[in-house]
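Below is one structure, written out as structure tokens, with a few remarks after it.
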Amino acid sequence: MIDLFDLDDLIPALGIDPSEEHLEVLFQAFEEDFINNPFFIDGIEVRIDMRNSKEDGFEDYPHTFVKMLTRGKKNNRVFDRKRANKIHWIKPILEQRDSDDIIVFKFKEGNGNIRDYFWFKEGDFLVIMELITPNYMMISCFHIDDDRNRNYYEKKYENRE
């Protein structure tokens, strides 16, 4: 198992507008972790939404994959290279959720859904999952890139379920 502290950016030269080649490298990493090698958390299968994305420029890729690369609101998402470059961090964080390096907590969202947060604080990276019976669905992941966001998630942690 990879040491979380050995994780680095997948594509060091990744720009703000990814090339087709870079998108393919990102997709291959995602495909390897979540499509070709499904896995379970506490006996529940981790699932992704395989429907094609509706986001402009990403229609050939699965919805969940595009959510992991982009930020913003539905149908108005933009590529986020910090998030995308850490796409290969998601599975190791989930696999090592019981380590002291991952803060795990449940939070009841405004819509009533309870989501599980897996925060690799040292790497400023957060993975959000939700149990949607019978599966464990990947909701989001991202790089926490400023103090405002860090404080927001610290407050969520303090107000966890």
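Just a few scattered comments:
- In the stretch 22-50, residue modelled with the lowest pLDDT [restricted to those that are in a loop (DSSP other than H, G, I, E, B) and within 22 Å of R115 (Cα to Cα)]: P38
- Residues considered: I87, I35, I48. Of these, the only one that is in contact with a Ser or Thr (Cβ under 6 Å, 6 or more places away or on another chain), surrounded by 13 or more Cβ atoms within 10 Å (Cβ to Cβ) and among the hydrophobic types (A, V, I, L, M, F, W, C) is I48.
- If only residues of the stretch 63-76 that are touching a Phe, Trp or Tyr at 6+ places or on another chain (Cβ under 8 Å) and without any contact (Cβ under 8 Å) to a residue 60 or more places away in the chain are counted, the one that is surrounded by the fewest Cβ atoms within 10 Å (Cβ to Cβ) is T70.
- Search result, residues across the stretch 2-21 that are part of a helix (DSSP H, G or I) and of a type in the set (A, V, I, L, M, F, W, C): L4, F5
- Scope the stretch 94-123; condition modelled with pLDDT of 95 or more, of a type outside the set (S, T, Y) and within 12 Å of F142 (Cα to Cα); matching residues: F118, W119, F120
- Which listed residue is among the charged types (D, E, K, R) and either outside any helix (DSSP H, G or I) or free of Cβ contacts under 8 Å to residues at least 60 places away in the same chain (or both), from E130, E122: E130
- Being of a type outside the set (F, W, Y) and closer than 14 Å to M129 by Cα is not true of K86.
- Test: V78 is β-branched (V, I, T), within 16 Å of L26 (Cα to Cα) and either assigned to a strand (DSSP E or B) or touching a Pro at 6+ places or on another chain (Cβ under 9 Å) (or both): yes
- Within the stretch 107-120, considering residues that are exposed (fewer than 13 other Cβ atoms within 10 Å of the Cβ) and in contact with a Lys or Arg (Cβ under 7 Å, 6 or more places away or on another chain), the one nearest to L131 (Cα to Cα): I114
- Pick from the stretch 51-75, criterion in a helix (DSSP H, G or I) and touching a strand residue (DSSP E or B) at 6+ places or on another chain (Cβ under 8 Å), ranking: farthest from F5 (Cα to Cα): H63
- Given (1) over 26 Å from I11 (Cβ atoms); (2) in contact with a strand residue (DSSP E or B) (Cβ under 6 Å, 6 or more places away or on another chain), number of the condition K86 does not satisfy: (1)
- Matching residues, the stretch 133-153, being without any contact (Cβ under 8 Å) to a residue 24 or more places away in the chain, farther than 19 Å from D80 by Cα and either hydroxyl-bearing (S, T, Y) or surrounded by 12 or more Cβ atoms within 10 Å (Cβ to Cβ) (or both): T133, Y152
- One residue from Y117, Y136, Y157 being part of a helix (DSSP H, G or I) and either farther than 30 Å from D17 by Cα or touching a strand residue (DSSP E or B) at 6+ places or on another chain (Cβ under 8 Å) (or both): Y157
The values are calculated or read from the model by the stated rules, or taken from the named source; none is laboratory data. Model, not experiment: these values are computed from the prediction. Please note: Cβ atoms are built from the backbone with ideal geometry, for glycine as well, and neighbour counts cover all protein chains shown.
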